[in-house]
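Enquirer: Got a structure for you, written out below as structure tokens; questions coming shortly.
The values are calculated or read from the model by the stated rules, or taken from the named source; none is laboratory data. The structure displayed is predicted, hence computed values, not measured ones. Neighbour counts are summed over all protein chains in view; Cβ atoms, including those assigned to glycine, are modelled from backbone coordinates with ideal geometry.
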Number of protein chains: 2
Amino acid sequence: MARRSTSARARRARGSSHSRPTRAVAGGVTSPRGFRAASAEAGIKPGSRRPDLALVLSDAPAVVAGMFTTNRVQAAPVVWSRRIVARRGAVRAVLLNSGNANACTGPSGDRATRASAGAVARLLGVHAAEILVASTGVIGVPFPVERLLGALPALVGGLGSGRSAARGAARAILTTDTVLKERAARARVAGRDYTIGGVAKGAGMIHPDMATMLAVVTTDAPLGRAQARRLLRAAVDRTFNALTVDGDTSTNDCVLFLANGLAGGRIPPGSAAEHVLAQALESVCARLAEAIAADGEGARKLLIVRVEGARSDRDARHIARTVAASMLVKTAVHGGDPNWGRVLAAAGRAGVRIDPGVLDLWIGGALVARGGAAHPPGERAAARHLRGRRIVLDLCVGNGPGRAVGLGSDLSADYVRINAHYRS
Amino acid sequence: MARRSTSARARRARGSSHSRPTRAVAGGVTSPRGFRAASAEAGIKPGSRRPDLALVLSDAPAVVAGMFTTNRVQAAPVVWSRRIVARRGAVRAVLLNSGNANACTGPSGDRATRASAGAVARLLGVHAAEILVASTGVIGVPFPVERLLGALPALVGGLGSGRSAARGAARAILTTDTVLKERAARARVAGRDYTIGGVAKGAGMIHPDMATMLAVVTTDAPLGRAQARRLLRAAVDRTFNALTVDGDTSTNDCVLFLANGLAGGRIPPGSAAEHVLAQALESVCARLAEAIAADGEGARKLLIVRVEGARSDRDARHIARTVAASMLVKTAVHGGDPNWGRVLAAAGRAGVRIDPGVLDLWIGGALVARGGAAHPPGERAAARHLRGRRIVLDLCVGNGPGRAVGLGSDLSADYVRINAHYRS
């Protein structure tokens with residue numbers, strides 16, 4: 001037990017630092033060389049005069065990778081983009097809209113996506129199969145494709161490479177989000193700078209049920225197709241996937257990754273250079289995922305659940321996400337109550353074989369439960385930590401090698417007050 | 001498709017009627033012959049002067065059956081009662097308390113449960129292993145066993161067989177519940193009346209994460225041990241288990257069933273008499289489960305999700321419960337929005353293989369989606385149905401034999417308004 005505790009403490013002391021060659025920078029999808037963005041008001045969001053259409057363009061063909069919802073019911077743009085990612089090595093652009101998810105819309109939904117991609121491709125002088133499409137918004141309402149098509153000339157005409165172009169695109173894809181979400185990072189490899197930029201939408205409060213999660217990540221690094229996929233999968237597993245309990249995804253969730261290579265150089269698979277780039281990619285994805293987790297009507301705190309000592313990473317993931325998604329844990333975090341029993345109870349229902357008698361829990365680095373029972377000396381420090389905005393729970397569930405992170409937020413709504421204060 | 005639709009329509013027309021020999025009656029756990037109940041204020045709920053202790057006693061040894069939480073972290077009273085149910089054929093009483101769940105309390109929690117059962121047994125002049133224990137309340141706080149022990153003489157002294165004794169016990173086990181929950185039914189078999197009575201606690205709004213579910217069901221029918229277990233399992237699978245997504249249970253959930261045989265006669269396994277009794281048992285459990293689903297701060301509507309055409313009952317259960325637990329569906333029901341797309345999307349993420357292209361959905365009997373796409377003629381009638389208090393969704397997912405019911409409620413909280421009105 002001592003060894004485990006020490007290891008957990010050491011990890012907490014280290015924090016989530018990234019190694020030096022990568023650093024966070026201000027920016028978004030247009031930060032890497034050769035990427036432009038644009039936004040427009042197409043009127044897809046009914047009765048509003050808000051931007052609802054966005055385009056991200058690579059000046060050169062970009063190697064593409066993508067990860068998509070595991071929901072059996074998949075929106076037309078997911079079907080379209082998944083097929084392109086599976087079949088093609090490179091693409092030129094991503095068309096995104098909010099206001100209508102184009103999900104459960106039958107064959108006319110498929111036609112709308114095809115027509116949208118085709119129209120963008122004609123305006124850009126490329127092939128329709130080089131255009132990815134992503135949509136978010138209401139489900140089951142016929143997609144107003146004519147409105148989208150009408151706005152495309154202005155959209156393409158407005159393409160720019162500056163920060164404001166990226167911000168406009170970030171704003172156009174929001175639905176229930178309360179803040180726009182873009183992040184960037186730079187990786188320095190062999191005297192050469194590579195930039196990674198990303199944009200996302202998604203509100204985390206009762207994620208993933210309440211809202212679709214979309215993200216587009218761009219880079220000017222030169223990556224092969226298999227390499228881009230491998231790097232994206234690893235980064236998403238540790239970041240965006242920390243937001244969800246397995247399989248509990250919307251009809252439209254997707255993360256798209258475009259690498260156009262315009263920064264030059266080489267990044268051989270398995271090299272140290274690739275490792276540095278992977279860290280930068282994970283940093284962008286992690287900060288976007290945390291922004292999603294923290295967003296939501298009434299949410300005030302980001303909840304980070306780190307699990308270690310599980311039999312496998314998979315087991316650890318189930319536990320971390322079940323704890324991070326638990327209403328009881330979220331209300332306790334909101335109420336500032338170091339209610340470790342709720343954390344253990346959530347871990348117990350994660351569908352994973354664990355021994356309740358060996359569970360250790362730290363809240364903000366303070367040990368509050370040891371061997372499945374109270375460790376009262378830690379409660380005061382834990383309560384202090386819970387008054388902050390970034391809440392970290394470390395749960396050790398045994399001696400196994402499995403570890404994972406889950407992301408969530410507190411629950412501050414009126415209707416759960418009764419439960420947040422139920423203990424007092 | 002036509003045949004399936006007709007069958008679903010026929011079932012909707014039939015409603016949920018039970019066959020004639022059973023009928024609902026007013027009452028609770030003391031309605032069957034030979035059962036008494038009591039309640040007391042032990043001070044386990046801190047700082048309140050509310051009853052928090054209850055006892056249900058059978059005057060004769062009662063055959064016992066029980067179903068318990070699947071959570072890996074199990075409260076001390078669950079461990080105690082589960083062992084008794086597994087080993088003994090008959091018991092005499094159930095001791096219940098609110099205010100403290102006696103979960104995550106280590107060895108001292110086990111001692112507290114054993115001491116409680118022992119003290120009740122001494123006062124009643126029976127064996128400790130004839131006393132079941134069930135607790136609900138805060139997790140991880142040492143159990144105030146001295147307070148419980150101090151209140152036992154008054155509790156046992158207050159035992160009564162009337163309606164008010166049963167109601168007192170029903171009130172004493174409430175935590176976040178807003179209404180007390182007791183139901184009864186009578187079955188007439190071969191000129192003989194058998195009564196079934198039940199009491200439950202649990203708040204359904206964001207069930208099961210928000211609250212423990214406890215239930216005690218009593219009957220004066222003569223049942224064998226294996227028979228009682230079989231009947232209880234069948235009833236719970238179709239009722240209380242409709243409240244939860246598999247495995248997503250609290251540390252304390254349990255349903256206990258006591259049959260003392262004091263009404264005489266015989267109910268042979270597999271007989272028509274047993275079938276009638278099973279219907280009465282299911283009716284009591286179903287009405288208690290519906291009361292739990294409908295309860296909760298701000299909840300206004302009961303949501304009943306019936307799924308048919310799945311490959312198996314198990315698949316149907318996963319779908320029904322995922323839909324009934326979906327925040328998006330619950331907010332749409334609250335907003336009166338016949339947003340069938342959300343229902344299909346929830347079905348799609350249930351972890352069950354389904355074909356989105358064959359999904360049919362009725363809201364209050366009005367067909368709103370056919371073959372996975374909109375069926376606009378039904379929307380008006382569906383919107384009318386959604387203005388009521390008892391919302392019924394019928395989802396047909398294919399040609400298979402599997403069917404199941406899921407129970408839930410609407411979500412009416414302020415913080416989800418943004419999402420309930422997101423469509424408009």
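Enquirer: Before we move on, is A:Arg380 more than 9 Å from chain B (Cβ to nearest Cβ), closer than 20 Å to B:Gly109 by Cα and either among the basic types (Lys, Arg) or within 24 Å of the chain's Cα centre (by Cα) (or both)?
Expert: It is false that A:Arg380 is more than 9 Å from chain B (Cβ to nearest Cβ), closer than 20 Å to B:Gly109 by Cα and either among the basic types (Lys, Arg) or within 24 Å of the chain's Cα centre (by Cα) (or both).
Enquirer: Could you say whether any residue in the stretch A:74-86 is among the basic types (Lys, Arg), more than 11 Å from chain B (Cβ to nearest Cβ) and buried (at least 24 other Cβ atoms within 10 Å of the Cβ)?
Expert: no
Enquirer: Going by the structure shown, is A:Ala289 among the aliphatic types (A, V, I, L, M), at pLDDT below 95, in contact with a Leu (Cβ under 7 Å, 6 or more places away or on another chain) and buried (at least 24 other Cβ atoms within 10 Å of the Cβ)?
Expert: Criteria met by A:Ala289.
Enquirer: Could you look through the stretch B:37-47, keep only residues that are touching a residue at least 40 places away in the same chain (Cβ under 8 Å) and more than 17 Å from B:Leu123 (Cβ to Cβ), and pick out the one that is surrounded by the fewest Cβ atoms within 10 Å (Cβ to Cβ)?
Expert: B:Pro46
Enquirer: So for the stretch B:97-114 (the condition being away from every other protein chain (no Cβ under 14 Å) and under 30 Å from A:Thr322 (Cα atoms)), does at least one residue qualify?
Expert: yes
Enquirer: Exactly one of (1) surrounded by fewer than 16 Cβ atoms within 10 Å (Cβ to Cβ); (2) of a type in the set (Lys, Arg); (3) not in a helix (DSSP H, G or I) is unmet by B:Arg111. Its number?
Expert: The single condition B:Arg111 does not satisfy is (3).
Enquirer: Residue check: is A:Val63 touching a Lys or Arg at 6+ places or on another chain (Cβ under 7 Å), part of a loop (DSSP other than H, G, I, E, B) and more than 14 Å from chain B (Cβ to nearest Cβ)?
Expert: No, not satisfied.
Enquirer: Among what's in the stretch B:360-377 and is touching a residue at least 24 places away in the same chain (Cβ under 8 Å) and at the interface with chain A (Cβ under 7 Å from one of its Cβ atoms), pick the residue that is surrounded by the most Cβ atoms within 10 Å (Cβ to Cβ).
Expert: If we take residues in the stretch B:360-377 being touching a residue at least 24 places away in the same chain (Cβ under 8 Å) and at the interface with chain A (Cβ under 7 Å from one of its Cβ atoms), then B:Gly372 is surrounded by the most Cβ atoms within 10 Å (Cβ to Cβ).
Enquirer: Let me ask something else about it. Can you tell me how many residues within the stretch B:297-318 are closer than 21 Å to B:Asp337 by Cα, surrounded by 24 or more Cβ atoms within 10 Å (Cβ to Cβ) and modelled with pLDDT under 95?
Expert: 2
Enquirer: Among the residues of the stretch B:58-96, count how many are touching a Gly at 6+ places or on another chain (Cβ under 7 Å) and farther than 13 Å from B:Asp253 by Cα.
Expert: 5
Enquirer: To continue, here is another question. Does B:Asp315 count as touching a strand residue (DSSP E or B) at 6+ places or on another chain (Cβ under 6 Å), under 24 Å from B:Phe68 (Cα atoms) and either among the aromatic types (Phe, Trp, Tyr) or within 14 Å of another protein chain (Cβ to nearest Cβ) (or both)?
Expert: yes
Enquirer: For the stretch A:327-342, which positions are facing chain B (nearest Cβ under 7 Å) and over 20 Å from A:Val397 (Cα atoms)?
Expert: Within the stretch A:327-342, A:Met327 is the sole residue that qualifies.
Enquirer: Just to be sure I understand, how many residues within the stretch A:131-145 are free of Cβ contacts under 8 Å to residues at least 60 places away in the same chain and under 14 Å from A:Thr113 (Cβ atoms)?
Expert: 4
Enquirer: Here's a follow-up. Can you spot a residue in the stretch A:343-359 that is more than 11 Å from chain B (Cβ to nearest Cβ) and touching a residue at least 60 places away in the same chain (Cβ under 8 Å)?
Expert: For the stretch A:343-359, residues more than 11 Å from chain B (Cβ to nearest Cβ) and touching a residue at least 60 places away in the same chain (Cβ under 8 Å): present.
Enquirer: When only residues in the stretch B:164-197 that are modelled with pLDDT under 95 and of a type in the set (S, T, N, Q) count, which is surrounded by the most Cβ atoms within 10 Å (Cβ to Cβ)?
Expert: Filtering first and then ranking leaves B:Thr175.
Enquirer: Between A:Thr70, A:Thr105, which is surrounded by 24 or more Cβ atoms within 10 Å (Cβ to Cβ), modelled with pLDDT under 95 and hydroxyl-bearing (Ser, Thr, Tyr)?
Expert: After applying the criteria, what remains is A:Thr105.
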